Amino acid sequence: MIPSFPYAVLAYLDSGLAATTIVLGGIVEGYGYGLSLGTNWPYTRNMMDVAFKGDPEAIHRISATLVGLISLTLLITDFNMITLVGFISIIFTALLGMATLYVLAGKLPSIFQGFHDIAAYTTFVSYLLLATGFPASSFISFLENAIIPPHFLYFVIFMGGVVTGTRRMRLSIGDVRRPKNKLQWAWAIHGIAAIIFFIALIYLNMWISLGFGLAEAAIGILTYRAINKNPEKPGILIGLHQLLSLAVVVSLLFA
């Protein structure tokens, strides 16, 4: 059942902000702003001034804060399983976001970045489903399909985060045809998982999702080349990669 007007608006707004935050995370990586605010979390001095100067990391944190505030409002005013899961997801996203800073600083393993990405996407999904009136059973079904084969979407997302964390937003990946280090193996596993995901989509006749997925893969290959060319600032491609990933998720939800 679609929620009443004010709750639906808030849910759509929260979902849109969650998606924006994810894309901003890609822009942060693409333009070398990962540690622009250091490891201070969640805020640093003159946060708004830094944001107005165009620092995407500051904008990313402000956007994430708005997601959290709206999430809390929905939890209090419309308590149900989805608002509860969404709120828990944003808490984990925030805490793992702090951990991600220490991953980039070389103080924590890259798996924290992978779990951060899963939490961020779960937040996005939660409020999109809430806004569109999907029942809790559909939400549970999506999570099961995202985790359990054949397509285990979340493993693909997780390994993408591991690649980002392993290269710490500053290392080139190199030649992955014969992986020789953790970063190259992480990228190779991410690619293999994506191929299995595409095969699963073909098997399940999810052609729209497959189309978005192949477009995302094409951007991923271009991103790989851009990272090897300029590992600290590969550019907008990483943000586009995240945007297409969101399109894949939306198409799976409404398939």
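Out of the total accessible area of region 13-170 (probe 1.4 Å, heavy atoms of protein only), what percent is carbon and sulfur? Mind showing how you got there, number by number?
Details: 4640 of 6630 Å².
Roughly 70 percent, rounded to a whole number.
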Worksheet item: If you look at just the Cα atoms of region 99-141, how large are its Rg and its Dmax in Å?
Response: 14.5, 42
Worksheet, complete the sentence: Over the chain, with neighbouring protein chains present, the accessible area per residue in Å² at probe 1.4 Å is 49 Å²
Worksheet item: So what's the convex hull volume per residue for the Cα atoms of region 20-108, in Å³?
Response: 93 Å³
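Normalised by the residues of region 76-164, what does the relative contact order come to in percent, with Cα pairs under 8 Å and at least six apart?
It comes to 34 percent, rounded to a whole number.
Under a point-charge model restricted to the Cβ atoms of Lys and Arg (+1) and Asp and Glu (-1), what is the dipole moment magnitude of region 17-117 relative to its Cα centre, in debye to the nearest 20?
With only Lys, Arg, Asp and Glu charged at Cβ, the dipole is about 200 debye.
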Discussion item. Report the Cα-based extents of region 138-255 along its three principal axes, largest first, to the nearest Å.
Written reply: 40, 26, 22
Worksheet, complete the sentence: For the chain, the dipole about the Cα centre with charges only on Cβ (Lys and Arg +1, Asp and Glu -1), to the nearest 20 debye, works out at 940 debye
Response to the item:
For region 81-159 the translational diffusion coefficient, Stokes-Einstein from a Kirkwood Rh over Cα pairs at 10 °C and viscosity 1.306 mPa s, in µm²/s, is roughly 121 µm²/s
Item to complete: Give a quick list of chymotrypsin sites (Phe, Trp or Tyr not before Pro) in region 29-100 that DSSP marks as loop, anything other than H, G, I, E or B, with at most 14 other Cβ atoms within 10 Å.
Response: Tyr43, Phe79
Worksheet item: What is the Cα centroid distance between region 101-121 and region 127-166, reported in whole angstrom?
Response: 17 Å
Worksheet item: Which one of Ile82, Thr164, Ala94 has its Cα pushed farthest toward the positive end of the charge dipole of the chain, where Lys and Arg give +1 and Asp and Glu give -1 at the Cβ?
Response: Thr164
Worksheet item: Between region 1-66 and region 197-255, how many Å separate their Cα centres?
Response: 21 Å
Worksheet item: Among the listed pairs Lys53/Lys233; Lys107/Lys229; Lys180/Lys233, which are separated by more than 21 Å between their Cα atoms?
Response: Lys107/Lys229; Lys180/Lys233
Response to the item:
For region 122-135, Karplus-derived ³J(HN,Hα) couplings (6.51, -1.76, 1.60; θ = phi - 60°; whole Hz; x for glycine and proline) come out as 5, 4, 4, 4, 4, 7, 5, 5, 4, 5, 8, x, 5, x
Worksheet entry | Pairs of Cα atoms farther than 35 Å apart, the chain, % | 12 percent
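The values are calculated or read from the model by the stated rules, or taken from the named source; none is laboratory data. The structure presented is a predicted model; accordingly, all values stated were derived computationally and were not measured. Neighbour counts are summed over all protein chains in view; Cβ atoms, including those assigned to glycine, are modelled from backbone coordinates with ideal geometry. Accessible surface areas use protein heavy atoms only, side chains included; no ligands, DNA or RNA. Shrake-Rupley method; radii C 1.70, N 1.55, O 1.52, S 1.80 Å.
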